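Remarks on the structure that follows.
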Amino acid sequence: MAETPSTSGDPRRPLHPESLMMSHGYRPELSMGAIKCPIFQTSTFVFKTAEEGKSFFELAYSLREKGPKEELGLIYSRLNNPDLEILEDRLCLWDEAEACAVFESGMAATSTALLEFVRPGDLVLHSEPIYGGTDYLLHHVLTRFGVHAVGFRAGSSLEEIERVLAASGRAERLAALLLETPANPTNDLVDIAMCAEIARRHSTADRRVLVLVDNTFLGPLWQHPLKHGADLVLYSATKYIGGHSDVIAGACLGSAPLLRRVRTLRTFLGSMASPWTGWLLLRSLETLKLRMTCEMKNARYVADFLADHPKVDRVYYLGHLTERDPQYALYRRQCLAPGGMISFDVSGGEPKAFRFLNHLKLIKLAVSLGSTESLAEHPATMTHSDIRPEERARVGITDKMIRMSIGVENPDDLIADLRQALDAV
């Protein structure tokens, strides 16, 4: 809950994030009384005086320390913009973060954060499976700059991860652990607190190992990595935060000192979100809890149907974990709900999986996730196709796997569509 005064009559009672999504950080009197934040579609801002312009730039370029009540003034939309500032303030509420930086894509958020905190010769230890774009960044782009990347299987114990780290021969150069939990597309969990302990073990007085968590799958509602020891939280805000398949965006959240560094590099890489993107995300945040709650509830019905179908070999869904499952205790400790993502194996491999996908009618055959409409895709040949086949097989991404993002449609209609598509297999 946000530390913000209540409008209910009790000034000591803080409001919930979903209540603050309509107003936090915005003052209508500064925008002609408009009830919603306008789109500040401008590249530059006028200074009242030359002295004010000088003061703003001193803060923007860290030429002096900020005063106790001093704020960075508006200068240029590559540095700051009202739509982005209000959006960043509101995103902080869900994760209870000190600061946030929004980007024009999720990959921009991930790449900017990594580029700021790793150096040539450093090692990034990452969970597997991981989003195909992130995997390519780690193993084909950062390697050009002398950065090394080694993966460990999601669900690994602390001892198993330490053995992977030791075998890399670069434990002394460990700079960051990059986690994606739940994993895309298997829904395997990674223990954030355990990885934070590994980071502490390998940090030194002059070298802090960071834990970065891609929280896209469960979004800001159903998992809060900072509370479990993560240093930075990453989002493809295109997904649940945007939620309407009409905007590409990303976000990075964490402590104020770390985000100051991320924002500085964002300024010079030019990877910030545009005012229009910021405004679209502000609109979407107002219904985030409603959408994600509906999608989570719908997913339960869909997963139960798939689990009972004879043409489905296996369902990968957090809501089906039982006390006998080794990840059950971690799920109960780390996650607040199972979310709206389901993967499942169709009997018969790629030909049958394709036949199923080609017969869907209500559910759309498309990549991405977290939107109001339900989507289905084939990870092995689509979102994770740039991962080597042997690596896909090792982490459980098979040719018969389908990944689904459940939307806000009536669950009976979704099940009817799945039933007729499976009948065609």
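Each Lys and Arg Cβ is given +1 and each Asp and Glu Cβ -1; about its Cα centre, the stretch 75-199 then shows a dipole of about 620 debye. Across the stretch 394-403, rounded Karplus estimates of 3J(HN,Hα) from the backbone phi angles (6.51 cos²θ - 1.76 cosθ + 1.60, θ = phi - 60°) give 5, 9, x, 8, 9, 6, 9, 7, 10, 10 Hz, Gly and Pro being marked x. Here is what passes the span test in the chain: the DSSP H helices with alpha carbon length of 20 Å or more along the helix axis and a Kyte-Doolittle mean of 0.0 or above are 288-307.
In this calculation the C-beta distance from residue 358 to residue 207 is compared with R0 = 60 Å, giving a FRET efficiency of 0.70. Here r is the Cβ-Cβ distance between residue 388 and residue 158 and R0 is 30 Å; the resulting FRET efficiency, rounded to 0.05, is 0.65. Counting only DSSP beta bridges with both residues in the chain, the antiparallel share comes to about 55 percent. Annotation: amide H of residue 154 within the under-5 Å range of 128, sequence separation 5 or more or interchain, hydrogens built in the peptide plane.
Note on the chain: with charges restricted to the Cβ of Lys and Arg (+1) and Asp and Glu (-1), its dipole about the Cα centre is near 420 debye. Projecting the Cα atoms of 329, 347, 257 onto the charge dipole of the chain, computed from C-beta unit charges around the Cα centre, puts 257 farthest toward the positive end. Normalised by the number of residues in the chain, the average gap of Cα pairs under 8 Å and 6 or more apart makes the relative contact order 16 percent. Per-residue ellipticity at 222 nm from helix content only, as computed over the chain with -39500 (n - 2.57) for each DSSP H run of at least four residues, stands at -10500 deg cm²/dmol.
Once C-alpha pairs closer than 8 Å and six or more residues apart are averaged by separation and normalised to the residue number of the stretch 82-285, the relative contact order reads 30 percent.
Taken along its three principal axes, the alpha carbon spread of the stretch 374-425 comes to 38, 24, 14 Å, from the longest extent down to the shortest.
If you plug the beta carbon distance of residue 61 and residue 39 into 1/(1 + (r/R0)^6) with R0 = 35 Å, you get a FRET efficiency near 0.80. Selection among 282, 46, 243 by position relative to the dipole of the chain gives 46 as farthest towards the positive end (Cβ unit charges, Cα centre). The mean sequence separation of alpha-carbon pairs under 8 Å and at least six residues apart, normalised by the residue count of the stretch 361-400, gives a relative contact order of 29 percent. Its Kirkwood hydrodynamic radius, worked out from the mean inverse distance over all distinct Cα pairs, puts the stretch 324-405 at 14.1 Å. Using the Cβ atoms and a cut-off under 12 Å, what net charge is assigned to the surroundings of residue 298, where Lys and Arg are +1 and Asp and Glu are -1? It works out to a net charge of -3. Structure remark: mean-square fluctuation, Gaussian network model of the chain, C-alpha springs under 10 Å; the largest value among 150, 233, 190 belongs to 150. The amide H of residue 210, built 1.01 Å from its N in the peptide plane, has 176, 177 as neighbours under 5 Å, considering only residues 5 or more places off or on other chains. Quotient of the Cα radius of gyration of the chain and 2.2 N^0.38 Å, N being its number of residues: 1.01.
Assuming charge only on the beta carbon of Lys and Arg (+1) and of Asp and Glu (-1), the dipole of the stretch 272-425 about its Cα centre is about 260 debye to the nearest 20.
Taken together, the values in this text are just the output of simple stated rules run on the coordinates, not laboratory data. None of the values given here were measured: they were computed from a predicted structure. Cβ: placed from backbone, ideal geometry, glycine included. Neighbour counts: every protein chain shown.
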